[in-house]
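The structure appears below as structure tokens.
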Amino acid sequence: MNMKIFVDTDADVRLARRIRRDTVERGRDVNSVLEQYAKFVKPAFDDFVLPSKKYADVIIPRGGDNHVAIDLIVQHFRTKLGEHDLCKIYLNVYVIQSTFQIRGMHTLIRDRDISKHDFVFYSDRLIRLVVEHGLGHLPFTEKQVITPTASVYSGVDFCKKLCGVSIIRSGESMENALRACCKGIKIGKFLIHRDGDDGKQLIYEKLPKDISERHASSWIRCSVQGILRAMPLNYCYGKEFRNLTSYS
């Protein structure tokens, strides 16, 4: 989403602001301000700034005082951001609903004064929530068991043949939570780079040989752009991730 905006403020207003700033904040006299404005500032504006006006998508007259124009631009941004909601574009993308517990933990790990021990503790809690939420979207089969009181309980059986795929440098911090939730799970690794050596994205990979027969979960801690960049690597070295779930 790109938008070129030109804020068009009256020349007298610009000069008045410069005189006020330079005399009050920088201790200069009015004559020196006017001399600099006439010799350097105004010519530079005419040569470099003003010509860009014709390339602007939106021109805002009266600058920051034009509240109507600013509100229209804000509304436009909100509309565009709504169109790029990944949950609307990709129907298999799920976002964990925010709660006061989650917001509280995010507040703690973002506090610059938090101790290392508390940072690790609350980060692991958040990662565990992501893992548990993701596992809930894996396929299950109906299963009945006999309870100690000889009653029949109708439940579900866990998905078989799972494996994790950790993206090196970012996803490895999530491995412990996955191991804690899935006993004996196999974990593979691969490393991707924006450009890579000789233009290759995939730099390194070590995956289970039967990964195409397993439900693979890839783990990455990065931005949305990083997740989308990793998606094409679902088909790497002839190993197709037929059942892939990504977590971030």
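The values are calculated or read from the model by the stated rules, or taken from the named source; none is laboratory data. Since the structure is predicted, the reported quantities are computational estimates derived from the model, not experimental observations. Methodologically, a virtual Cβ is constructed for each residue, glycine included, from the backbone with ideal geometry; neighbour enumeration extends over all protein chains shown.
Can you tell which of S170, S217 is of a type in the set (S, T, N, Q), modelled with pLDDT under 75, part of a strand (DSSP E or B) and under 20 Å from V95 (Cα atoms)? Testing whether each residue is of a type in the set (S, T, N, Q), modelled with pLDDT under 75, part of a strand (DSSP E or B) and under 20 Å from V95 (Cα atoms) leaves just S217. Among the residues making up the range 135-162, those that are touching a helix residue (DSSP H, G or I) at 6+ places or on another chain (Cβ under 9 Å) and touching a residue at least 24 places away in the same chain (Cβ under 8 Å) are L135, C159, K161, L162. Within the range 68-99, if we keep just the residues that are under 28 Å from V130 (Cβ atoms) and at pLDDT 80 or above, the residue that is surrounded by the most Cβ atoms within 10 Å (Cβ to Cβ) turns out to be I96. Scanning the range 162-184 turns up one or more residues that are touching a Gly at 6+ places or on another chain (Cβ under 8 Å), closer than 22 Å to K209 by Cα and among the β-branched types (V, I, T).
Residue-level check: of (1) loosely packed, with under 10 Cβ neighbours inside 10 Å; (2) modelled with pLDDT of 90 or more; (3) part of a helix (DSSP H, G or I), L108 misses just (1). Among the criteria (1) at pLDDT 90 or above; (2) under 30 Å from G136 (Cα atoms); (3) basic (K, R), the one R21 does not fulfil is (2).
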